[in-house]
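This report refers to the structure that appears directly beneath it.
The values are calculated or read from the model by the stated rules, or taken from the named source; none is laboratory data. Keep in mind it's a predicted model, so treat the numbers as computed, not measured. Using ideal geometry, Cβ is built from the backbone for each residue, glycine included, and neighbour counts are taken over all protein chains shown. Calculation scope for accessible area: heavy atoms of the full protein, side chains included, ligands and nucleic acids excluded. Shrake-Rupley method; radii C 1.70, N 1.55, O 1.52, S 1.80 Å.
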Amino acid sequence: MPAFLDLLAASPDLLALGEPTHGESAFLQLRNDAFLSLAEHGYRSIALESDRAAGLIADEFAQGGAVPLDRALSAGFSHDFGTAPANRDLLLRMREWNAQRPAAQRLTFHGFDAPLELANAPSPRRHLTRVCDFLGLDRSAEIDDLVGDEARWSDTAAIWEPGRSVGRSTDAGRLRVLADDLLTELYLRAPGKSAGWTAAFVHATSAVALLRYHAAAAAPLAQEERFVRLAAVRDALMAENLLAIRSAEAHRGPTLAFGHNTHLQRHPGTMTLAGTEVSWAGAGAIVASLLGDRYAVIVGSLGASPALGIGAPDASTYEGRLQQETGLPRYVPASDIGPAEQRTHDYRYLPLDRAAVDHADAVLHVPTGVDAAVLADRIVALPGVEQVVASAENGSPEAAWGDRFFFVGPDRRQPFATIVEHDVPGFDEAAQLDRPGVFRLNLDLGRNEFERRFGFPPRAFDDHRDEFDFARLDTLTPHPGYALYGFASVVMPGPHLLPEIDRLLAVAHARAVDRHERAARRATAQQA
């Protein structure tokens, strides 16, 4: 049983895992491990803060469908979340799980967000057309006439200036009636529903959600009231989706939901606008009021994030106190967290406060994200290590600038570790290192350790190459180019892997020290 489940008072139907910011990969990597661990104990679905209709494409890939991975990532996520390397890993791991199991035990991917941004929302045209196609109805001319120019819907000014919004126009009202009629027709078809019914239903509810949001944008409210109303409507749409997902998944097992703390927390979201603090009920507050103890929340807490430029917290803050005991991620019962100061925050990170702690079941604290510099500091701290960074000044090829090489002693012929951030076209592209923010740690493990780890000697690597996904995060694999020499690699190891990384570094460092000492003895013998 995953240890964090022991921190919950009851076993929930919907377990929410929050992150305090978007953009720190550590939370997504920990989420992946948590979900696959939960899957071993009956969880059968995951819901992310991403467009629910788009999620149908991601789920098709996860179920083993013919949709390519690139399309699942580009079209299966909203908010550009498909570019996150950990989301690629999530879909691949779900697909692998599902390939080995019957339908009842397969993992399902959902999005729980509406198909919109807070300050931008398209028309419902695409969703209405999809429903009509499923029902075999030709309403395209009517839909096109009512929607008109797409730009008048997606214009950002239409969200913030009620006079420019079409949300309460006659055309929008007729579209809402049309969407409602299509939903009725879908229910009438439910007794004999085909495989496409569920997807059509999701598109129908997405159309309704967009029309509701545009109607809220057209309300004649002051700017501060307007922001709060739109934020509240979006969270209400998220809550509706989460409840619908639970209804669909209730017979199969519990669901893990993952998104920003502000959407999943039990207490209202707050923000200061024009000097006034405003609040609204988030999706978690709505769902918790309806599900009771069948909803549980683990909020995310972050110490430092090199990727986001967030430094270490003061020791007097909630985050500072949480990372005094260990440098590794950990789940902490909320009841064990005493009063502390609230950390100063900006747009990059929403810190813990007393309300967040009091209304959570547990806290997941990540002391630091891991980037190339964090790993380099750990390597340089080993005895006798020197770092060389490829640059124009030391004659390195431009494609390698910024890559790091670590040596023991003056011999620069063979590094015992490297950290690279670039593909080498035609030679080393399997790890897809040219993705934003992606890096890889390479280690000289030697023949014995290599064989112990992978079950075959370095010389047999070519016979096993197809067994490995060299672009997967948090996974030790043979080096795609230098495995024959005993090298292994890890792409973007998360903070939870740092103890294992330290053990692997110790092996590689010991080999480098031994080489250096043997070379020194040979040199001494030659001089004697």
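For the chain, what is the calculated [θ] at 222 nm in deg cm²/dmol (nearest 500), taking -39500 (n - 2.57) for each run of four or more DSSP H residues and dividing by its residue count? Rounded to the nearest 500, it is -12500 deg cm²/dmol. Measuring nothing but protein heavy atoms, the accessible surface of the stretch 185-256 at 1.4 Å probe radius is 59 percent carbon and sulfur. Distances between placed amide hydrogens fall under 5 Å for Thr368 paired with Gly303, Ala304, all partners being 5 or more residues away or on another chain. As a fraction of the 1.4 Å probe accessible area of the stretch 288-333, surface on carbon and sulfur atoms comes out at 50 percent. Per-residue packing, averaged as other Cβ atoms within 10 Å, sorts the ranges 238-247, 498-507 into the order 238-247, 498-507, beginning with the highest. For the stretch 227-236, putting each phi into the Karplus relation 6.51 cos²θ - 1.76 cosθ + 1.60 with θ = phi - 60° gives couplings of 4, 4, 5, 5, 4, 5, 5, 4, 5, 5 Hz, in residue order, rounded to whole numbers and with x for Gly and Pro.
Please work out how much length the chain gains when fully extended from Leu290 to Glu341, using 0.36 nm per residue of separation minus the C-alpha to C-alpha distance, in nm with one decimal.
On the way: separation 51, 0.36 × 51 = 18.36 nm, distance 3.20 nm.
The span from Leu290 to Glu341 would gain 15.2 nm if fully extended.
Judged by the gyration tensor of its Cα atoms, with axes a ≥ b ≥ c, the stretch 86-143 is oblate; a/c meets the 1.5 cut and b/c is at least as large as a/b.
Taking a ≥ b ≥ c as the square roots of the eigenvalues of the Cα gyration tensor, the stretch 185-282 is classed as oblate, since a/c reaches at least 1.5 and a/b does not exceed b/c. Only the Cβ atoms of Lys and Arg (+1) and of Asp and Glu (-1) were treated as charged; on that basis the dipole of the stretch 388-479 about its Cα centre amounts to roughly 360 debye. Between the residues Ser45, Gln63, Ala9, the greatest Cα displacement towards the positive end of the dipole of the stretch 8-95, with unit charges on the Cβ of Lys, Arg, Asp and Glu, is found for Gln63.
What whole-number value in Å² describes the accessible area per residue of the chain for a 1.4 Å probe? Display every interim value, and only then the final one.
Details: 23200 Å² over 528 residues.
Heavy-atom accessible area per residue stands at 44 Å².
Counting only protein heavy atoms and a probe of 1.4 Å, the accessible surface of the stretch 31-151 is 49% carbon and sulfur.
Work out the FRET efficiency for Arg522 and Asp434 from their Cβ-Cβ distance, taking R0 = 45 Å, and round it to the nearest 0.05. Show your work: numbers first, answer last.
Working: r = 41 Å, r/R0 = 0.91.
Rounded to the nearest 0.05, the efficiency is 0.65.
Dipole size of the chain about its Cα centre, with +1 on Lys/Arg Cβ and -1 on Asp/Glu Cβ: approximately 840 debye, rounded to the nearest 20.
Only Lys, Arg, Asp and Glu carry charge here, each on its Cβ (+1 for the first two, -1 for the last two); on that basis the stretch 41-127 has a dipole of about 340 debye about its Cα centre. With the highest mean first, a sort of the peptides 373-383, 36-46 on other beta-carbon atoms found within 10 angstrom per residue produces 36-46, 373-383.
Among 168-180, 139-151, 299-311, what's the highest-first ranking by average C-beta atoms within 10 angstrom per residue?
Details: 168-180: 16.5, 139-151: 13.8, 299-311: 20.5.
Per-residue mean Cβ counts within 10 Å order the peptides as 299-311, 168-180, 139-151.
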